[in-house]
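Asker: Have a look at this one before I ask anything.
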Amino acid sequence: MKTIKSLIAAFLIAASFFCSCTGTNTVRISGTVQNLSENDAVLLKRLDFTSETLLDTLKTDEKGTFYHNLTKGIEQPGYYYLYAGERRIASLILKKGDRVHIQAKADGKPASIEGSEESLLLQQLNTRLDQTRRKFDSLYVLYENAGSKEKDDLSLKLGSLFIRYKQDAIRFLYQHPRAFVNTSLVFHELPGPLYVFSDTRDAPLLRRVYDSLYVDYPLSPYVMVIRDRYESMEKSFQMEQALERADVIGFPDICLPGIDGLRVCLSSLKGKTIILSFWHAANVNMRLDNRELMEVYQTYAPQGLEVFQVALDTDKTGWAKAVREQSLPWISVCDGLGVNSPAVATYNIVEIPSYFIINSEEEIISRTGNLDDVIRQIRNLF
């Protein structure tokens, strides 16, 4: 009699599962959790970036079999976990239309997953990196408790393991460029915390990952986070380069295409007194400012004054026309990126126009948005 009741219960659960949602706008999850105790409920949770949200407690029969339909919050792929009580028994990446079957064990041993390619890739990635991670974790515990002499040796070993981990991660990214699991891989961290892709030189790789994923998941918040991350890293990298150049020449260097298309560097003027000007060629008032700047330039150019003028325009044709119409005699450059130009980040431009005065000793002695201030200071210098 008990067996008959169990069969009826299983039938009703399955019938509800298959009849309630048959379209592609759902995610179907079914499976069995072996060795499930009476006190262990099967829980379905979703990862919301850094925290887990309990979605439901799944109904199971005496054999631990369950069926469940996800219909809400599945517009974009996401990370989901199955728990038996407090033990995580399966990690999943679920997408709308998935039909996933799971064979898991309540003790948390690796689950068998069918019907979700992304979940299988997640499992494969974890297996691939787990051995190196465990070694790193063990060594890091020793490192934390070691003396200064032992730390030097352990530091080298940790560095070697970190490189191995990162190389394996990069290989996975290239082997599976459009896998959604890459949205988590690029944010992997090791004890420390030590982010695997934290070097600003990783920005091109993260941009590549973003470009690949954007094709399939343009609205995914996980993909958007990668975009924000690589953009931040690119800006930091540009600033680092600027500071490195500043150590050599005394001020951050910028190199941009001139009116003839050839790149011109600010550092080519070192040893001179320079007015570094950021302007907008399409702005009438700034064109008028150029007339006043022209008078100052013509007066002091014979004594060593130079002007390096950066146009933050996106219309390079309009900029070139303005330069020719005004017959500007100084160096004029424009990369057509507008406020996204690397020069903006290098000199932290927050307003236009902006002027910097760099003396012959290669020191930035003034920053202002007022041309009258520039003219007064140049006259005092000469």
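Bear in mind that the values in this text are calculations on the coordinates, not laboratory data. Everything numeric here is computed off the predicted structure, so don't read it as measured data. No Cβ is skipped: glycine too gets one built from the backbone with ideal geometry, and neighbour counts run over all protein chains shown.
Asker: If one computes the Cα centroid of the range 46-90 and of the range 251-269, what distance in Å separates the two points?
Answerer: Value for the Cα centre distance between the two parts: 56 Å.
Asker: On to the next question. At a 10 Å Cβ-Cβ cut-off, how would you order HIS101, HIS280, HIS68, fewest neighbours first?
Answerer: HIS101, HIS280, HIS68
Asker: What ranking do 119-128, 215-224 get when scored by the average of other Cβ atoms within 10 Å per residue, highest first?
Answerer: The peptides rank, most packed first, as 119-128, 215-224.
Asker: Just one of (i) 107, 59, 32; (ii) 73, 54, 42; (iii) 66, 48, 41 is Cα extents along the principal axes in Å as worked out from the coordinates here. Which one is it?
Answerer: (i)
Asker: Cross-link list LYS95/LYS235; LYS59/LYS135; LYS105/LYS166; LYS109/LYS135; LYS45/LYS109; LYS96/LYS135: which exceed 29 angstrom alpha carbon to alpha carbon?
Answerer: Working: LYS95/LYS235 33 Å; LYS59/LYS135 39 Å; LYS105/LYS166 31 Å; LYS109/LYS135 20 Å; LYS45/LYS109 18 Å; LYS96/LYS135 37 Å.
As for pairs spanning more than 29 Å Cα to Cα, those are LYS95/LYS235; LYS59/LYS135; LYS105/LYS166; LYS96/LYS135.
Asker: Enumerate the amide H contacts of GLU362 below 5 Å, restricted to partners 5 or more residues apart or on another chain; note that Pro and chain-start residues carry no placed amide H.
Answerer: GLY271
Asker: Could you please report the charge total around THR132, scoring K, R as +1 and D, E as -1 over all other residues with beta-carbon less than 14 angstrom from its beta-carbon?
Answerer: Spelling it out: positives minus negatives among the neighbours equals +4.
Asker: Using amide H atoms built in the peptide plane, which far-off residues or other-chain residues are under 5 Å from GLU306 H to H?
Answerer: Long-range HN contacts for GLU306: THR273, ILE274, ILE275.
Asker: So what J values fall out for the range 78-86 if you push phi through Karplus, 6.51 cos²θ - 1.76 cosθ + 1.60 with θ = phi - 60°, rounded to Hz, Gly and Pro as x?
Answerer: x, 9, 10, 10, 9, 10, 10, x, 9
Asker: With n ≥ 4 as the cut-off for DSSP H runs, can you work out [θ] at 222 nm for the chain, using -39500 (n - 2.57) per run divided by the number of residues, rounded to the nearest 500?
Answerer: -14500 deg cm²/dmol
Asker: Take every DSSP beta bridge whose two residues both sit in the chain, then give the antiparallel share in percent to the nearest 5.
Answerer: Working: 44 of 61 bridges.
That works out to approximately 70 percent antiparallel.
Asker: Under unit Cβ charges (Lys, Arg +1; Asp, Glu -1), what dipole magnitude, rounded to 20 debye, does the range 255-381 have relative to its Cα centre?
Answerer: 180
Asker: Determine the relative contact order of the chain: mean sequence separation of Cα pairs under 8 Å and six or more apart, normalised by residue count, in whole percent.
Answerer: It comes to 10 percent, rounded to a whole number.
Asker: Taking H placed 1.01 Å from N in the peptide plane, check which residues at least 5 places from GLY336 or on another chain put their amide H under 5 Å from its amide H.
Answerer: Under 5 Å from the amide H of GLY336 lie the amide H atoms of ASP313, each far enough along the sequence or on another chain.
Asker: Specify which residue in the list SER366, ALA343, GLY159 is farthest towards the positive end of the charge dipole of the chain, using unit charges on the beta carbon of Lys, Arg (+1) and Asp, Glu (-1), about the Cα centre.
Answerer: Of the listed residues, the answer is GLY159.
Asker: Measuring from a point 7 Å past the Cα of ASN35 along Cα-to-C-beta, which residues in the range 54-98 have an amide N at less than 20 Å?
Answerer: 60-66, 82-91
Asker: Classify the range 255-381 from the C-alpha gyration tensor, please: rounded if a/c falls under 1.5, else prolate or oblate depending on whether a/b exceeds b/c.
Answerer: It comes out rounded by the Cα gyration axes.
Asker: Let me ask something else. Suppose every Lys and Arg Cβ carries +1 and every Asp and Glu Cβ carries -1, with no other charges. What dipole size does the chain come out with about its Cα centre, to the nearest 20 debye?
Answerer: Dipole size: approximately 1380 debye.
Asker: What helices does the chain hold that run 24 Å or longer along their axis, going by alpha-carbon atoms, with a Kyte-Doolittle average of -1.0 or more, using DSSP H for the helix calls?
Answerer: 2-20, 117-145, 148-175, 221-249, 284-300
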